[in-house]
Amino acid sequence: MSGTFVGMPAFPEAAREAVRDATLRGNLRHATHTIRAKRARAVAELSDWAELREAGRRIKDHTLRHLDRYLVRLEESVTAAGGTVHWAADADEANRIVADLVKETGESEVVKVKSMATQETGLNEALAAEGIRAYETDLAELIVQLGHDRPSHILVPAIHRNRGEIRDIFRSEMGAWGRPAPDGLSDAPAELAEAARLHLREKFLRAKVGVSGANFMVAETGTLVVVESEGNGRMCLTLPETLISVVGIEKVVPTWRDLEVFLQTLPRSSTAERMNPYTSMWTGTTDGDGPRTFHLVLLDNGRTDTLADEVGRQALRCIRCSACLNVCPVYERAGGHAYGSVYPGPIGAILSPQLRGVTDDIDASLPYASSLCGACYEVCPVAIDIPEVLVHLRERVVEGGPAVRRGNRVVLRPAKGHAAERAAMRAARWAFSRPGALRAGQRLAFRTRRLHPRTLPGPAGAWTDTRDLPALPAEPFRDWWQRTRGGQEGAE
């Protein structure tokens with residue numbers, strides 16, 4: 001899978017650098033606290049939010065269990081409506097399909113709607129290698145592109161930038177990509193938005209090819225759906241003569257009735273709106289209305305491997321709302337770049353290691369990028385139990401074991417550097433399965449408590465660099481219970 005940020009270290013090293021950046025932490029704290037407060041108010045308006053959340057979970061689980069059937073139905077519907085469906089097993093195949101389709105039009109540039117799938121595959125870089133220039137049209141994605149940067153948030157890719165930084169980027173970079181920034185541009189939000197609008201308008205009117213993703217695909221009609229807040233998506237989806245949509249296979253829903261649930265939960269969870277300002281839907285092609293040619297590229301890229309994992313597959317429910325990022329204490333302090341993936345935050349910590357595997361240092365470290373506080377699960381609109389999957393993936397990293405990679409069953413080796421952890425867990429399992437040994441060990445620990453250090457030696461010292469070892473009380477719980485209750489469980 002493409003999408004690993006080249007040269008990125010594992011999460012602990014990347015996070016250590018990020019938390020030293022006071023400006024980054026300030027930007028993240030302000031933005032995430034603002035977004036999550038607004039989301040809480042928007043969700044509180046719905047008395048049936050819990051029921052909608054459960055409905056979304058069930059729809060997604062049902063669809064994933066019958067994904068083969070609904071994908072075939074989707075292909076039939078899209079084809080009947082005048083579109084063409086392409087199947088991409090991995091990132092390279094998806095990029096090759098898109099590049100070939102663009103070259104067939106004779107064009108050398110495309111306009112893009114914000115798309116996580118094309119970021120995942122590295123489409124912009126692949127098109128550039130073929131002499132095709134891709135222009136991002138979402139405001140935040142434009143900031144990232146002009147700044148030669150990487151996205152750090154699912155919903156707000158430039159969340160790590162403040163207004164002054166954005167003004168400087170526009171002033172120095174816009175001219176190299178098209179219409180330059182106005183003279184005397186300030187950091188006022190209205191001026192920055194107007195500069196972006198003028199810069200992008202000429203690209204919308206000139207481009208003959210548009211590239212998009214989709215939030216949802218409706219199998220029964222072949223309809224694709226994009227929700228957004230700026231109107232750039234509507235321009236990219238309607239003005240070009242050719243539209244190419246790259247979408248992960250998990251984005252399909254069976255019917256329009258199912259879609260209705262997510263059109264309530266996604267806006268409130270992401271932008272804290274009752275509904276998105278722009279909800280664009282297209283079904284194939286229609287003479288005289290919109291693009292004359294439509295191509296749908298269905299992307300696997302590790303998704304069927306993830307589907308084979310009974311615990312981890314729930315990550316495929318994700319509707320990319322980013323609510324989990326905005327409540328995560330780890331993301332708030334480390335930022336999105338530390339995750340080394342286009343999917344940052346809690347969802348990235350469980351999705352990226354499944355799509356890419358856990359064989360390299362970055363992906364093996366991501367399941368540990370969490371305090372397991374559970375805040376991400378509480379806000380997820382499709383009830384993904386992210387802490388459960390994190391623990392499951394930690395076990396895979398430490399113990400190895402069976403997994404599915406590229407459609408083949410394999411046995412993963414334990415990751416390096418976890419030998420002490422495995423030994424400790426095996427010792428704990430041995431002790432907890434032998435009550436006598438556990439009782440003796442507890443009493444020994446309590447009787448020698450005055451000799452215990454406040455920090456641990458060797459590699460274990462990393463745990464006590466920022467915390468003291470818990471102090472042991474004067475008496476083990478078992479002894480206290482025996483002394484005060486006489487070992488009688490029914491005692492009042």
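The values are calculated or read from the model by the stated rules, or taken from the named source; none is laboratory data. These numbers come from a predicted model, not from an experiment. Here the Cβ is made from the backbone with ideal geometry for all residues, glycine too, and neighbour counts use every protein chain on show. These area figures cover heavy atoms from the full protein model, side chains too; ligands, DNA and RNA do not enter into them. Shrake-Rupley method; radii C 1.70, N 1.55, O 1.52, S 1.80 Å.
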Check on PRO277, more than 19 Å from GLU51 (Cα to Cα) and out of contact with any Cys (no Cβ under 7 Å at 6 or more places or on another chain) = yes
Could you run through the range 441-455 and say how many residues are open to solvent by 60 Å² or more (accessible area, probe 1.4 Å) and of a type in the set (A, V, I, L, M, F, W, C)?
-> 2
Would you kindly identify the helices (runs of 4 or more DSSP H) lying entirely within the range 97-203 that contain at least 2 residues that are under 29 Å from LEU224 (Cα atoms) and either open to solvent by less than 60 Å² (accessible area, probe 1.4 Å) or modelled with pLDDT of 95 or more (or both)?
-> 116-121, 123-129, 139-146
Residues located in the range 457-474, provided they are open to solvent by 60 Å² or more (accessible area, probe 1.4 Å) and either under 18 Å from GLY441 (Cβ atoms) or part of a loop (DSSP other than H, G, I, E, B) (or both) = PRO457, ASP465, THR466, ARG467, ASP468, PRO470, ALA471, LEU472, PRO473, ALA474
Given the structure, is PRO240 more than 21 Å from VAL379 (Cα to Cα) and modelled with pLDDT of 95 or more?
-> yes
Are there any helices (runs of 4 or more DSSP H) wholly within the range 275-358 with 2 or more residues that are among the charged types (D, E, K, R) and either in contact (Cβ under 8 Å) with a residue 24 or more places away in the chain or open to solvent by less than 20 Å² (accessible area, probe 1.4 Å) (or both), and if so which?
-> 303-307, 329-334
Residues within the range 52-70 that are over 19 Å from GLY213 (Cβ atoms) and either part of a strand (DSSP E or B) or β-branched (Val, Ile, Thr) (or both), tallied | 1
Identify all residues within the range 123-143 that are among the acidic types (Asp, Glu) and in contact (Cβ under 8 Å) with a residue 24 or more places away in the chain; write none if there are none.
-> GLU130, GLU136, ASP138, GLU141
When the range 76-94 is checked residue by residue, the ones that are under 24 Å from ARG257 (Cβ atoms), part of a helix (DSSP H, G or I) and open to solvent by 20 Å² or more (accessible area, probe 1.4 Å) are GLU76, THR79, ALA80
Could you pull out the residue among ARG268, ARG257 that is out of contact with any helix residue (DSSP H, G or I) (no Cβ under 8 Å at 6 or more places or on another chain) and of a type outside the set (Asp, Glu)?
-> ARG257
Just need a number here: residues in the range 224-242 that are touching a strand residue (DSSP E or B) at 6+ places or on another chain (Cβ under 6 Å), surrounded by fewer than 18 Cβ atoms within 10 Å (Cβ to Cβ) and not charged (D, E, K, R).
-> 1
Hey, can you tell me all the residues within the range 27-48 that are part of a helix (DSSP H, G or I), without any contact (Cβ under 8 Å) to a residue 12 or more places away in the chain and over 21 Å from the mean Cα position of the chain (by Cα)?
-> ALA44
With a cut-off of at least 3 residues that are open to solvent by less than 60 Å² (accessible area, probe 1.4 Å) and under 30 Å from GLN264 (Cβ atoms), name the helices (runs of 4 or more DSSP H) lying wholly within the range 374-438.
-> 375-379, 386-399
Counted residues in the range 60-73 being buried (at least 17 other Cβ atoms within 10 Å of the Cβ) and within 16 Å of LEU307 (Cβ to Cβ) come to 6
Consider ARG73 carefully, then state whether it is in a helix (DSSP H, G or I) and under 23 Å from the mean Cα position of the chain (by Cα).
-> no
